[in-house]
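The values are calculated or read from the model by the stated rules, or taken from the named source; none is laboratory data. All values derive from a computational prediction rather than experimental measurement. Every residue, glycine as well, gets a Cβ built from its backbone with ideal geometry; the counts of neighbours run over all protein chains shown.
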2 protein chains.
Amino acid sequence: MRKLHVTSKDFAYDVVIGAGVWRELRRLRRYSSVFVLTERRLWKRWGKRFGWESGLADFAPLFVPTGERSKSLRMVEQVARQLGEGGADRRSLLVALGGGVVGDLGGFVASGYMRGIDYVQVPTTVVAQVDSAIGGKTGVNVGAVKNLVGAFYPPRLVLADPNVLRSLDSRTFRSGLYEVVKHAILDGPDFFGQLQRYLPGLHCGQTRVLGQIIERAARVKVDVVSRDEREAGLRRVLNLGHTFGHALEEATRYRRFLHGEAVAWGLLAATRLAELLGVLAPEEGSRIARLARSVGPLPPVYGVSAQRILPLLPRDKKAVAGQIHWILPERIGKVRITKDVPLGAAAAAWRDIQKGGWHA
Amino acid sequence: MRKLHVTSKDFAYDVVIGAGVWRELRRLRRYSSVFVLTERRLWKRWGKRFGWESGLADFAPLFVPTGERSKSLRMVEQVARQLGEGGADRRSLLVALGGGVVGDLGGFVASGYMRGIDYVQVPTTVVAQVDSAIGGKTGVNVGAVKNLVGAFYPPRLVLADPNVLRSLDSRTFRSGLYEVVKHAILDGPDFFGQLQRYLPGLHCGQTRVLGQIIERAARVKVDVVSRDEREAGLRRVLNLGHTFGHALEEATRYRRFLHGEAVAWGLLAATRLAELLGVLAPEEGSRIARLARSVGPLPPVYGVSAQRILPLLPRDKKAVAGQIHWILPERIGKVRITKDVPLGAAAAAWRDIQKGGWHA
């Protein structure tokens, strides 16, 4: 069991990783009542264990349907209503037990219910354990716009048990590993080398190895958000792979790719782009491409042309002109943030990864 | 024009009161775009003036229907969607031009849109100018529960122009004056005496006198919230009159009384209760009752028995046992917060004000 500490000027909390960490809930102060936001299927598989590990005698599970559509203001209303009917007050605790959807929704409900109650993140997917449950970003979608309404609201605690990953289907499991690869590129050769050894053929039941990998990947996120709670700049590096990735998700209406799979394609495209611009040596590009591909096969990107992708590249909402901030790998362990990328080069990078052959 | 300063450990902003204060918007930094949340009727009456006083060349009004029902998560979704479609980004400004509903809704939308954009409160009712627009409490209702979901989110600026009050209907105008009376009881004999002189017969077109009264009443709120941003205790004094008031509103399903009218009945009941408990001298009680009644006639409370009211008295959501915190006047300028009130005395106080005759 390892404890990482998120600290910023406004608050501090622990991210605890390892087998059996749900027991840490026993160490929290007494709450007037406890509510667990989760999905029915997850609860069926893990609810009993959550009960005895957490030591919580009396709590009510609140279920949300599986899937991104649950990240809505309608669902916020429904959960708030259920909390109210269940007698939740300002001293109640909300536990978000699930993946990114449950975590983002639960955190936002906690931020708003009676203007803020405590909550704990209990992430149950790889991507939630290493990324989305850490950092206090919460929110819901409005129409087609992701996370349009939300809050910065830190959890009391994040408890990531790798055991729970064994109930993931293999595609969801692998999808999260692409985010792990992203974190290793940000981190450096040591973690990257560890992944080169362990990722090929890794499956979701290898709890011990997974625990080590997740701890290391989570640490990358913890370090970044501890230094930059409000995304003033540093936090942007976490968007590596997300520029092309978001555009690809949107071009395919969030249907063809899981988030991590789109990020994987985005990573490949950013890597190729960095090569084309002379920012990244081809040997390093090759190592990155091979590691990403070692996770397993990706759904192909046929039919999504450069002309389709380019207009969908996310523009910086903070900049008046709406520029694109590119995050480009310079080498394993270092990225560059730049606005200075010709769109022609971006198009060429996309075409190169799309037609295959590049570092294949 | 007078500037009051709200300061707390986390932030600071000005509350500017006086004729023509909308001009203060000219002094804000440049925003990428400006959106004005308001009601259609208000905009028809004041929109043009807002345009030339604020100096904002280009802004879009977003309309919400008049009434408490607009304080909903559905409306949050609708406004966020309109902001998104209008191209609002993180550097956009939202102006909430209206009464308490527009202010509470607008502030909450601003707190959540892209996880927080700047907003300015431009209150257009007495109660909003002296109370609800100040202090950073925002929120919406869920079902029948008021403000169940919300945020503490301070505005950039609060601009209260008493000129705008001239378009209020007289009942809404007077309803706000009861909150002013409440603030004077908290403040002391000097402000209280000023109201004794000016309240009888005051109408909404007396801009100069109104400006003075509003400044003074707003200062009471500013002082309290500056010392206690998060309602740790001191802020509770602002609930004077609201214990019975809320119960009365709920008993009559928010239909028979405007909020300020219910607060006026609540003030009278709290005053009578303080007398019965020997906390307040009858001469002081009489002065309070006469000042409240000098505002004008209140809708009668027939049919709302003590048995009906008592179970609806709001219990403290922060306390596990759900005790009632009573705010009782000790004298003009001083209140006492106590949990130690026999329900029999509360029932007797209610019956006394209900049957009339007391200090009439």
Task: Residue among B:Asp169, B:Asp187 that is more than 25 Å from B:Ser33 (Cα to Cα), surrounded by fewer than 19 Cβ atoms within 10 Å (Cβ to Cβ) and out of contact with any Ser or Thr (no Cβ under 6 Å at 6 or more places or on another chain) - done: B:Asp169
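Can A:Gln323 be described as polar (S, T, N, Q), farther than 30 Å from B:Gly87 by Cα and modelled with pLDDT under 95?
No, not satisfied.
Take the conditions free of Cβ contacts under 8 Å to residues at least 12 places away in the same chain and either within 18 Å of B:Gln121 (Cα to Cα) or surrounded by 14 or more Cβ atoms within 10 Å (Cβ to Cβ) (or both) and apply them to B:Arg40. Does it pass? Give the steps one after another, and end with the answer.
Values: free of Cβ contacts under 8 Å to residues at least 12 places away in the same chain: no; either within 18 Å of B:Gln121 (Cα to Cα) or surrounded by 14 or more Cβ atoms within 10 Å (Cβ to Cβ) (or both): yes.
Here the answer is no, as B:Arg40 does not meet what is asked.
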Open item on the list: Being in contact (Cβ under 8 Å) with a residue 12 or more places away in the chain and within 14 Å of chain B (Cβ to nearest Cβ) is true for just one of A:Gly116, A:Gly98, A:Gly176, A:Gly143. Which residue is that?
Closed with: A:Gly116
Task: Residue check, A:Val301 closer than 20 Å to A:Ile327 by Cβ, outside any loop (DSSP other than H, G, I, E, B) and not polar (S, T, N, Q) - done: no
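Yes or no: A:Arg74 modelled with pLDDT under 95 and within 14 Å of another protein chain (Cβ to nearest Cβ)? Full working, then the answer.
Values: modelled with pLDDT under 95: no; within 14 Å of another protein chain (Cβ to nearest Cβ): yes.
Considered against the rule, which asks whether it is modelled with pLDDT under 95 and within 14 Å of another protein chain (Cβ to nearest Cβ), A:Arg74 comes out as no.
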- [ ] Kindly indicate whether any position in region A:192-214 is assigned to a helix (DSSP H, G or I), of a type in the set (S, T, N, Q) and in contact (Cβ under 8 Å) with a residue 24 or more places away in the chain.
- [x] yes
- [ ] Taking the residues in region B:119-140 that are hydroxyl-bearing (Ser, Thr, Tyr) and in a strand (DSSP E or B) as candidates, determine which candidate is farthest from the other protein chains (Cβ to nearest Cβ).
- [x] B:Tyr119
TODO: Within region A:273-303, track down each residue that is over 23 Å from the mean Cα position of the chain (by Cα) and closer than 15 Å to A:Asp352 by Cα.
DONE: A:Leu273, A:Ala274, A:Glu275, A:Leu276, A:Leu277, A:Pro282, A:Gly285, A:Ser286, A:Tyr302, A:Gly303
Open item on the list: Quick check on my filter: what residues within region B:34-66 are out of contact with any Asp or Glu (no Cβ under 9 Å at 6 or more places or on another chain) and among the charged types (D, E, K, R)?
Closed with: B:Glu39, B:Arg40, B:Arg41, B:Lys44, B:Arg45, B:Lys48, B:Arg49, B:Asp58
Task: Search result, residues across region A:146-173 that are of a type in the set (Val, Ile, Thr) and either part of a helix (DSSP H, G or I) or away from every other protein chain (no Cβ under 14 Å) (or both) - done: A:Val158, A:Val164, A:Thr172
- [ ] From (1) in a loop (DSSP other than H, G, I, E, B); (2) closer than 16 Å to A:Pro299 by Cβ; (3) over 16 Å from the mean Cα position of the chain (by Cα), pick out the condition that doesn't hold for A:Leu248.
- [x] (1)
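So in region B:3-58, with the set limited to residues that are outside any helix (DSSP H, G or I) and hydroxyl-bearing (Ser, Thr, Tyr), which one is modelled with the lowest pLDDT? Lay out the reasoning, then the answer.
Taking region B:3-58 first, the residues outside any helix (DSSP H, G or I) are B:3-20, B:28-39, B:55-58.
The next check asks that each one be hydroxyl-bearing (Ser, Thr, Tyr); those that pass are B:7-8, B:13, B:31-33, B:38.
Details: B:Thr7: 89, B:Ser8: 80, B:Tyr13: 96, B:Tyr31: 93, B:Ser32: 91, B:Ser33: 94, B:Thr38: 98.
Per the criteria, the residue is B:Ser8.
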- [ ] Among the numbered conditions (1) of a type in the set (Gly, Ala, Ser); (2) surrounded by 24 or more Cβ atoms within 10 Å (Cβ to Cβ); (3) in the same structural domain as A:Gly112 (by TED's automatic domain parsing), tell me where A:Ala151 comes up short.
- [x] (2)
TODO: Report yes if some residue within region B:269-279 is surrounded by fewer than 14 Cβ atoms within 10 Å (Cβ to Cβ), assigned to a loop (DSSP other than H, G, I, E, B) and more than 14 Å from chain A (Cβ to nearest Cβ); otherwise report no.
DONE: yes
TODO: Test B:Pro162 against the criterion of being buried (at least 20 other Cβ atoms within 10 Å of the Cβ), over 23 Å from B:Ser8 (Cβ atoms) and not aliphatic (A, V, I, L, M), and give yes or no.
DONE: yes
Task: Only listed residue being touching a residue at least 12 places away in the same chain (Cβ under 8 Å), touching a strand residue (DSSP E or B) at 6+ places or on another chain (Cβ under 8 Å) and either surrounded by fewer than 20 Cβ atoms within 10 Å (Cβ to Cβ) or within 14 Å of chain B (Cβ to nearest Cβ) (or both), chosen from A:Gly55, A:Gly86 - done: A:Gly86
- [ ] Determine which member of the set B:Ala151, B:Ala133, B:Ala160 is touching a helix residue (DSSP H, G or I) at 6+ places or on another chain (Cβ under 9 Å) and more than 21 Å from B:Ser70 (Cα to Cα).
- [x] B:Ala160
